[in-house]
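Note sheet for the following structure.
The values are calculated or read from the model by the stated rules, or taken from the named source; none is laboratory data. Predicted model, so just to flag it, every value in this text is computed and none were measured. Every residue, glycine as well, gets a Cβ built from its backbone with ideal geometry; the counts of neighbours run over all protein chains shown.
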Amino acid sequence: MNDILADTFFLGLVCHLFLNKFPTRDNVDRVDTQALVNAWIPESLVADAIMKAYNKDLNMLPLRIFEFHYRTKIEPVLNKQLKMGFWSRAKCRSYFRNLFFSGARFCMLFDLATGRQVTEMPHADKIKEMIFGKEERTESLVEALFEHADETDEMLAQISRDPSIGRVLGQYGRTSEHLKDIWWLLLMTGTGEKKALSIVRNPKLLSRYLQLEAEGNSPIEIVAKLLGWE
């Protein structure tokens, strides 16, 4: 459970990094960590409410990512291992959704803090490595996620109406909405539009993706295992 809690928080944080640019983000030395944490703690308790407009501005993509994470990683644990009933799971869903957006809110406040000129902060390099790792956001991915969102949804809806794709989705208890989740998560892992399209419209590749997902692999692990699959 501790791993699920941490994964949910950091998923929200990483989603903000991926889905938003900020001109001073590299200025980690400007951040007063204690002030950042002090500002974030009270807001983290109501992050879901604070971030409603944020989520809407991003075409509801953060919420869609959370819903996929909840269905595939959290709900099975609550249902099968902890034996929670419907109402208990509903309460947990709200808690995890808030936790996810508290991660995004923390990263948003971090971005804003990089725009302020403050005194020197110790361990700046360590914090930068922890938050950014080796990931870089590219302009092409931003365009893929937002500029053509409506066209992409229509394209995926058409693909889902293919009988062979429908059979694969049905075999794993999935719907056309799940196909959208797969598409966005493939882009989030840096797969690229061409490769992502080859997966979602190919019954064999899609079946392999869903099989790996059912085995508990993360999206990044799934992509790595699919690279040589034809």
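Just need a number here: residues in region 61-117 that are over 18 Å from ASP7 (Cα atoms) and among the aromatic types (Phe, Trp, Tyr).
Final tally of qualifying residues: 3.
Kindly check whether there is at least one residue in region 197-217 that is of a type in the set (Gly, Ala, Ser), under 17 Å from the mean Cα position of the chain (by Cα) and either at pLDDT 80 or above or surrounded by 19 or more Cβ atoms within 10 Å (Cβ to Cβ) (or both).
No, that holds for no residue.
For residues in region 146-183 being modelled with pLDDT under 75 and not in a loop (DSSP other than H, G, I, E, B), which is nearest to LEU206 (Cα to Cα)?
For region 146-183, the residue satisfying everything is ASP181.
In this structure, is LEU45 without any contact (Cβ under 8 Å) to a residue 60 or more places away in the chain, over 19 Å from the mean Cα position of the chain (by Cα) and assigned by TED's automatic domain parsing to the domain that holds VAL14?
Criteria met by LEU45.
Given the condition over 21 Å from GLU177 (Cβ atoms) and not basic (Lys, Arg), answer yes or no: does some residue in region 60-70 qualify?
no
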